[in-house]
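First the structure, in the form of C-alpha cells, and then the observations on it.
The values are calculated or read from the model by the stated rules, or taken from the named source; none is laboratory data. Since this is a predicted model, take the numbers as computed values, not measurements. Neighbour counts are summed over all protein chains in view; Cβ atoms, including those assigned to glycine, are modelled from backbone coordinates with ideal geometry. Ligands, DNA and RNA are stripped out before the accessible areas are found, and what is left, the full protein with its side chains, is counted by its heavy atoms. Shrake-Rupley method; radii C 1.70, N 1.55, O 1.52, S 1.80 Å.
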Amino acid sequence: MDRQALNAALEQCRTLPPEFYSDPHRHRRELDQIFRQEWQYAGPLDRVREAGSYMTTVVAEVPIVVTRALDGGLRGFVNVCRHRSAVVASGCGRSRSLVCPYHAWTYSLDGSLIAAPRSEREASFDPTDFPLRPVRIDVWGPLVFVNLDQEAPALADWLGDIPDMYAETGLRIDDLAYRDRREYTLDINWKTYAENIVECYHCPSVHPAFAGVFDLDDYELEARARSSIQRTRPRERPRTAAADAYDFTGGVEDGLYVFVWPNFMANVSPGIGHFHTNSIQPLGPDRMVIMNDFFFVPEVSTADADSYIGFQHQVSLEDIAPLEAVARGLGSRAGLPGRLMQASEPLTQHFMQTYVAVMES
Ligand code: FES
Ligand SMILES: [Fe+2]
C-alpha cells in the first residue's frame, strides 16, 4: 500500500495494515526515522539536580547518560565506552566519575576521559581524543529530554504552547517534585500503546474506577499538528469510592492529557498538583515498555500521592490484557481492516496519519 492509498484508507476511518505492527525492518526504520530524530523523555530533573549526579536511559536502543558535573552543568552523552563499547554507567546515583565496568576507563561527569589503565605504556595515547560522545539535552519544568539528532528543532519548538496549556490549568509546574516511577512491559508494538492512550472510547469497558471519577460524556479531544489533547473533568457525583481514587479536589479543576508525537504524554489530573508522564519505549517490533513518572506539589500528602499512583497503576494494569489481545489479533494476519470510530477516536486516526506522513514519505 503506498502513501496515497494509506491516506485514503485512513480518511475512510480504516486502521493501519496489521503488518505495520510486527515487521522487524519497519521497526528498524522507525528507530532511525522517528525515535532518533525526535525529543525523548530522559527522566526527572530531580535525579540530576545535585552536582555529581547522573541518570541513565535508553533511546532507540542507544544507551544515554545524563550528568550534572561538578561545574553545575547539565549534559547528556551516549553511554558507550570509547575503548571497546561497553555500556559505562547504569541506573542513577551520585559519583565524581563514571567508571567503565570492563577495563575501568574512567570518565569525568563532563564527559572527558580522565584515566585509562596502562595508557602510559602506549606509544601515543591522548585521552582528549576519547571523550564520551555528547547528545543534546534540554529541560521543561521537572522533566529532562534528550535528542540524538543534532539538527532537530529546539525542545521549546517541539513543545510549542503545551507549557502554556499546563500553566493555564493552575498547575505549578516548577513546584513539582519527583516521587516515583512505574514501568510495565507489554508484548505489543509501541504504536498499539500510543493509539490507545489518545482515546478514552475504551474507558467505560476497561477502566471502571477511572470512568466512575471522570465524566466521559464531557470529554474533549483536539488534534494539533504534532500533539493530541484530551480534557476531562470529574463527575459531580463520582461513582468510584474515594478509597479507590485519590483527592481530586482543590487547585487544578480539569484533567489535561497531552500526547506529543511520537511517544510522550504529560498528564495533569484534577487536584492540588498531581502530574505524571507516560513514555513509550519500543523494545522490538512486538515488545515495549511504558514508563510512568509521578510528580506532586509539596502540599499533596504522602498518602494522597500514594493513592494517586495506585489509581493510575490500576489504569495501567487494566490496559495490558486488552492491548496484548490486540497484538495477538494483529499478529494473526487474519483480521479484516479495522474501522475507527470518528467521533470517539479522532486522535487515534490523527496518530496514524502522522505516522504515515513521517514514515511513508
Ligand atoms: S570497554 Fe570500557 S574500558 Fe574497555
Ligand atoms: Fe487505558
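Things to note:
- Some residue of segment 49-64 being polar (S, T, N, Q), over 19 Å from CYS100 (Cβ atoms) and open to solvent by 20 Å² or more (accessible area, probe 1.4 Å): no
- Only one of the numbered conditions (1) more than 15 Å from ligand 2 (Cβ to nearest atom); (2) within 15 Å of the chain's Cα centre (by Cα); (3) not charged (D, E, K, R); (4) not in a strand (DSSP E or B) is not met by ALA225, and that is (2).
- Single residue of SER22, SER90 found to be over 25 Å from ALA327 (Cα atoms) and surrounded by fewer than 19 Cβ atoms within 10 Å (Cβ to Cβ): SER90
- Counting only helices (runs of 4 or more DSSP H) that fall entirely inside segment 125-212 and contain at least 2 residues that are of a type in the set (Asp, Glu), the qualifying elements are 162-168.
- Filter pass, ASP175 being more than 15 Å from ligand 1 (Cβ to nearest atom) and either under 27 Å from ARG36 (Cα atoms) or open to solvent by less than 30 Å² (accessible area, probe 1.4 Å) (or both): no
- Scanning segment 72-86 for residues that are near ligand 1 (Cβ under 9 Å from one of its atoms) and open to solvent by 20 Å² or more (accessible area, probe 1.4 Å) turns up VAL80, ARG82, HIS83, ARG84, SER85, ALA86.
- Single match in PHE214, PHE130, PHE210 (criterion: among the aromatic types (Phe, Trp, Tyr) and not assigned by TED's automatic domain parsing to the domain that holds ARG235): PHE130
- Unique match (being free of Cβ contacts under 8 Å to residues at least 12 places away in the same chain and under 25 Å from SER95 (Cα atoms)) among ASP126, ASP110, ASP157: ASP126
- Single residue of segment 93-107 satisfying the filter (more than 19 Å from PRO134 (Cβ to Cβ) and in contact (Cβ under 8 Å) with a residue 40 or more places away in the chain) that is farthest from ligand 1 (Cβ to nearest atom): ARG94
- Residues that are open to solvent by 10 Å² or more (accessible area, probe 1.4 Å) and touching a Gly at 6+ places or on another chain (Cβ under 9 Å) are absent from segment 341-352 altogether.
- The set of residues in segment 14-48 that are among the hydrophobic types (A, V, I, L, M, F, W, C), closer than 22 Å to PRO337 by Cβ and part of a helix (DSSP H, G or I) contains only PHE20.
- Residue match in segment 313-332 (condition: closer than 28 Å to GLU11 by Cα, open to solvent by 10 Å² or more (accessible area, probe 1.4 Å), in contact with a Phe, Trp or Tyr (Cβ under 8 Å, 6 or more places away or on another chain) and assigned to a strand (DSSP E or B)): no
- The residue that is most open to solvent (accessible area, probe 1.4 Å), counting only those in segment 144-169 that are in contact with a strand residue (DSSP E or B) (Cβ under 9 Å, 6 or more places away or on another chain) and more than 22 Å from ARG224 (Cα to Cα), is GLN150.
- Scan of segment 228-257 for residues that are open to solvent by less than 30 Å² (accessible area, probe 1.4 Å) and more than 19 Å from GLU345 (Cα to Cα), ordered by number: THR240, ALA245, TYR246, VAL252
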